[in-house]
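A short write-up of the structure that comes next.
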Amino acid sequence: MFEKVDALKEELNKATAITQEELEQYRMRFISRKSVIADLFNDFKNVPNDQKKGFGAALNDLKTLAQEKFEKLIDGLSSDNDENDENIDLTLPPLPGTLGSLHPLSKVRNRIIQIFERIGFNVSDGPEIEDDWHNFTALNFPPNHPAREMQDTFFIHKGKDRVDDDQDILLRTHTSNVQIRLMQHTKPPIRSIMPGRVFRNEAISARAHCIFHQVEGLYVDTNVSFKDLKDTLYHFAKEMFDKDLKIRFRPSYFPFTEPSAEIDISCLICKGDGCNICKYTGWVEIAGSGMVDPNVLENCGIDSEKYTGFAFGMGIERIAMLKYGTNDLRLFTENDVRFLSQFKGVI
Ligand code: PHE
């Protein structure tokens, strides 16, 4: 009996388990209810009484030993699995790293800048927190123009006396304030575009947001005509979207331009046949534009007898929606990686 115990001790000391099957074999032989050790326990009743004590102790030792060895074998197997399992194929290529990309609005802004830089425009910048004069008054907004009403403009500080008092401090509602600042400090010729963030007190929906981006353009020189405006924006639309698209100028009104026109392009989705993007008209609006009102030139100290100019402004979100077929403006600010990752590699 005792020899049997010793033999088993030796056997389990030597036991190894490299695979899961070998581990299971060990468990069956030494741990399970049908193991050799369990058999010995069953035989216990046949042991002569005077040897029972010593044999019982030896059996219990053996059982503990078998259990400890089993745990060691499990440990060995799982750490082996982690580090150098034969099943790992080291020739497989690694998972690609997740690299970010430019935000779609940055891509569109950069492209707009690139198109205009190539035809001689530079880029100007101005403040987002502005006074009433640069945002409204200098741009020929009559004192009670609806755009000055609280529902459109975020006022930071309201002057006491007059509505158009330059004590009024606000978040700019358009990038036209940069036009004013530029004309105040630069002698014509001026040929510049002004990308930037603008703010309007509007409810957020699929088509409107209280914070969005514009690019405005200004060209002031002697003999600048409406034809120059048309040529420039035709060029832009064809470069930005599609060489074959159609463009139309629709008469409109802005306080700071005269005459004014809104610019439509033929719908890129239905090619002019009519769809819900173009509201079945075949046309979508991309920009406002016009010849700079002489009053605006004079407000900035530019001689309106000598100089003329054109200006235009467009929403970057709108251009991006048309370019990428996005139907909800809010997607641009929600930072959902599933949306943003679609723009990897897209120009
Ligand atoms: N500032 C106008 C707007 O925000 C756009 C515009 C700019 C229109 C320049 C005409 C000329 O709606």
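Derivation of every value follows stated rules applied to the coordinates shown; laboratory data play no part. Predicted model only: the values in this text are computed from it and were never measured. All Cβ positions, even for glycine, are placed from backbone atoms using ideal geometry, and neighbour counts span all protein chains on display.
Between Phe226 and Gln20, the modelled label-to-label distance comes to 8.0 nm, taking each label 7 Å out from Cα in the direction of the beta carbon.
Which ordering of Arg207, Arg338 is given by a fewest-first count of other beta-carbon atoms within 10 Å?
Working: Arg207 13, Arg338 7.
By the 10 Å Cβ count, ascending: Arg338, Arg207.
Fewest-first ordering of Met321, Met28, Met291, Met1 by other beta carbons within 10 Å of each residue's beta carbon gives Met28, Met1, Met291, Met321. Ordering 322-331, 280-289 by mean Cβ neighbour count within 10 Å, with the highest value first, yields 280-289, 322-331. For the chain, modelled as a GNM with alpha-carbon contacts under 10 angstrom, which of Thr173, Thr91, Thr153 fluctuates the most? Highest fluctuation of the listed residues: Thr91. Cross-link partners of Lys53 among lysines, defined as those whose alpha carbon lies under 27 angstrom from its own and excluding same-chain residues fewer than eight positions apart: Lys4, Lys9, Lys34, Lys45, Lys63, Lys69. Contact order, relative form, for the chain: 15 percent (alpha carbon pairs under 8 Å, 6 or more residues apart, mean separation divided by residue count). Each residue of the range 221-236 is assigned a 3J(HN,Hα), and the resulting list reads 6, 6, 6, 7, 10, 5, 5, 4, 4, 4, 4, 5, 6, 4, 4, 4 Hz, derived from the Karplus form 6.51 cos²θ - 1.76 cosθ + 1.60 (θ = phi - 60°), x at Gly and Pro.
Computed from phi, the 3J(HN,Hα) profile of the range 212-220 under the Karplus parametrisation 6.51, -1.76, 1.60 (θ = phi - 60°) reads 8, 10, 10, 10, 10, x, 9, 10, 10 Hz, with x in place of Gly and Pro.
Once every DSSP H run of n ≥ 4 in the chain is given -39500 (n - 2.57) and the sum is divided by its residues, what mean residue ellipticity at 222 nm do you get, rounded to the nearest 500 deg cm²/dmol? Don't skip to the answer; put the middle values down first.
Working: 12 runs with 131 residues, N = 347.
The helix contribution divided over the chain gives -11500 deg cm²/dmol.
Please rank Arg27, Arg181, fewest neighbouring Cβ atoms within 10 Å first, as an exposure proxy. It would help to have the intermediate numbers written out before the result.
On the way: Arg27 16, Arg181 19.
If I rank by nearby Cβ atoms, fewest first, I get Arg27, Arg181.
The string of couplings for the range 61-73 from the Karplus curve (6.51, -1.76, 1.60, θ = phi - 60°) is 4, 4, 5, 4, 4, 4, 5, 4, 4, 4, 5, 4, 5 Hz, one whole number per residue in order, with x for Gly and Pro.
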